[in-house]
Each structure stands twice: as C-alpha cells, then as structure tokens.
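Student: I'd like to ask you about the structure that follows.
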Amino acid sequence: MAQHKTDMERKRITAIAREYAEKGYDVNVSPNRDELPDFLQNYRPDIIATSYNENVVVEVKSGRNLVKSPYLPKLAKAIEENEGWRFEMVITNPRGKKEPIDDDIDVLTREDIIKRLEEIKHLLEIGQIEAAILLGWSAIEGTLRLMAMRERIKIKRRTASYLAKKMYNLGLITPDEYNILNEALELRNAVIHGYKTEKADSAVVEDMLTIIRELLGSI
C-alpha cells in the first residue's frame, strides 16, 4: 500500500520477502502499477510472491495503522474474487508508542462503529481472524468510550484493561460480558505483541460483535 511505513514494518517486509524467495517464489516488493494484474490496479500491495502453485499478496501493517484502514477489506475482497490468488496480512506492533492523553481527541461515532462492524464481518469471511480481533477491539473501546461520554464518566486512564474494568465496576457491562472482553483483550495483546494466538477463532470475534451490538443499542 502506498503510504509511509514504520521502520518495523519495513524490516518485516524485507524478512517476509526473503522467506518467500527462499521457498522458490518470484518476489516483487512494492510493485509498480505496470507490474500489477488488472484487478490490483487500484491497490499498492507491499509484496507480491508468485509460484507455479499460487500467487500471494502480502500486506504488512502495525496494529495502530490496521484499525484506521478501510483499504484492507477492499483489497482482501478483490483478491478473494480471483482464483489462484491468496491474501496474507502480517501484523506487527510499533515499539515505544504511548497512548494519546489529550482530552480533545476525536472518538469513534456510533456510525463509525457500525461501519467497522461490517468490516470485521468481512475479515471473518476471508479468514483474517487476527485482523478481525484487532478491529473488533477498536470497536469495543470506541463503544465503551461512547458509553462513558453518555454517562458523563471521567476516564482517568486510557488503557484498554482500565476502560473495561471501569465499566464493569459501574455495572454498565455484565460479568459475562466482562469475561468475554478480558479473553478478547488477551488475544488482542498477543496479536499486537507478536505472540502466537492458538485460542484465536471466529467464535471470540462473534462474541465481541454481539457485545458491541448490545451496548450500541443502549447508546
């Protein structure tokens, strides 16, 4: 994708390109428009790796950039519609990034969150579970922040765990919902910090979607 890449993203792209080359693929990093097939003309993938058996389009994004991007579901759908092509998304996490502390930061609106739910559903449909977890958690946090604004609750810390526990302690989410959110948060943290996520499956994301819809109904 044609956008600024972090140092960690660039290093990961280089490493993945090397891995595919060692497996015998023809690898093209940041291909030009004239090197792309017709169905990818509107996109700028990080890597295209081709072999006799398959063609792979790779995107590398940090967790922070991932949740801001409507580009990925569209790219994934374009690839899914073409036989012999496969989409691979690799998520990396930038180090040393602190959460914003300014009080005037814009939060997701209800409409933003509803749109994000559709993007999450599509990620599930194409098997991108880890990406769906990250986008799902961003929608969870956005929903909880909207609830806090509605109830005029002062949020002293911006960490994900604090936000969920605060809403639970105030009785705004149920014990079952809190347990599901803790499980989802554990998976979200594993994904963005580069750990394996054997427990990640679509059921967790579906539970997240259910909670978001129920909470949005009260806003």
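Student: What net charge is computed for the residues neighbouring F39, neighbours being all others with C-beta under 12 Å from the C-beta of F39, Lys and Arg scored +1, Asp and Glu -1? Please report the intermediate quantities before stating the final value.
Tutor: Numbers: positive: K74, K77; negative: D38, E80, E81, E83.
Around F39, the charge tally is -2.
Student: Now, a different point. Going toward the positive end of the dipole of the chain, with +1 on Lys and Arg Cβ and -1 on Asp and Glu Cβ, which of P31, N182, A148 do you reach last?
Tutor: A148
Student: What does the charge add up to near V56, with Lys and Arg as +1, Asp and Glu as -1, over the other residues with Cβ less than 12 Å from its Cβ? List each step's numbers first, then the result.
Tutor: Numbers: positive: K23, R86; negative: E19, D26, D46, E54, E59, E88.
Counting the neighbours of V56, the net charge comes to -4.
Student: Can you tell me which of 119-131, 167-179, 46-58 comes out highest on packing, and rank the rest after it, using the mean Cβ neighbours within 10 Å? Before the final figure, lay out the partial values.
Tutor: Working: 119-131: 19.5, 167-179: 14.6, 46-58: 17.5.
Ranking, from highest mean packing down: 119-131, 46-58, 167-179.
Student: Highest mean first, how do 81-92, 133-144 rank when packing is the count of other Cβ atoms within 10 Å averaged over residues? Can you show the working numbers first?
Tutor: Details: 81-92: 15.1, 133-144: 24.7.
Result, highest mean first: 133-144, 81-92.
Student: Calculate the FRET efficiency for K23 and E186 from the Cβ-Cβ distance with a Förster distance of 25 Å, rounded to the nearest 0.05. Show your work: numbers first, answer last.
Tutor: Details: r = 32 Å, r/R0 = 1.29.
Computed FRET efficiency for K23 and E186: 0.20.
Student: With the crude spin-label approximation of a point 7 Å out along Cα→Cβ, what separation in nm comes out for T210 versus Q41?
Tutor: That separation, rounded to one decimal, is 4.5 nm.
Student: Modelled label-to-label distance, S30 and K74, 7 Å Cα→beta-carbon offset: nm?
Tutor: 2.2
Student: So, how do all the Cα-to-Cα distances of the chain break down into 5 Å bins, in percent, from 0 on up?
Tutor: Histogramming the chain at 5 Å steps yields 1, 6, 14, 17, 18, 15, 11, 7, 5, 3, 1, 0 percent.
Student: Describe numerically, in nm with one decimal, the distance between label points set 7 Å from Cα along Cα→Cβ at I153 and at M8.
Tutor: Result for the modelled spin labels: 2.9 nm.
Student: What do you get for trypsin sites (Lys or Arg not before Pro) in region 159-211 restricted to DSSP loop and a cutoff of at most 13 other Cβ within 10 Å of the site's Cβ?
Tutor: On the way: sites: K165, K166, R188, K196, K199; in loops: K196, K199.
Loop-located and lightly packed - K196, K199.
Student: Check every DSSP H run in the chain and write down those whose alpha carbon atoms cover 15 angstrom or more along the long axis and whose mean Kyte-Doolittle hydropathy is 0.0 or greater.
Tutor: Details: long enough: 7-22 (23 Å, -1.07); 110-125 (23 Å, -0.79); 129-150 (31 Å, 0.93); 175-192 (26 Å, -0.21); 202-216 (21 Å, 1.07).
Those that pass (Cα extent of 15 Å or more, hydropathy at least 0.0) are 129-150, 202-216.
Student: On to the next question. Could you work out the local net charge near I126, counting Lys and Arg as +1, Asp and Glu as -1, over the other residues with Cβ closer than 14 Å to its Cβ? Write out the running numbers ahead of the final one.
Tutor: Working: positive: K74, K77, R86, K121; negative: E59, E80, E81, E88, E118, E119, E125, E130.
Residues close to I126 contribute a combined charge of -4.
None of the figures in this text is laboratory data; all of them are computed from the coordinates on show. Source: prediction; values computed, not measured. Quick reminder, even Gly has a Cβ in these numbers, built from the backbone with ideal geometry, and neighbours come from all protein chains shown.
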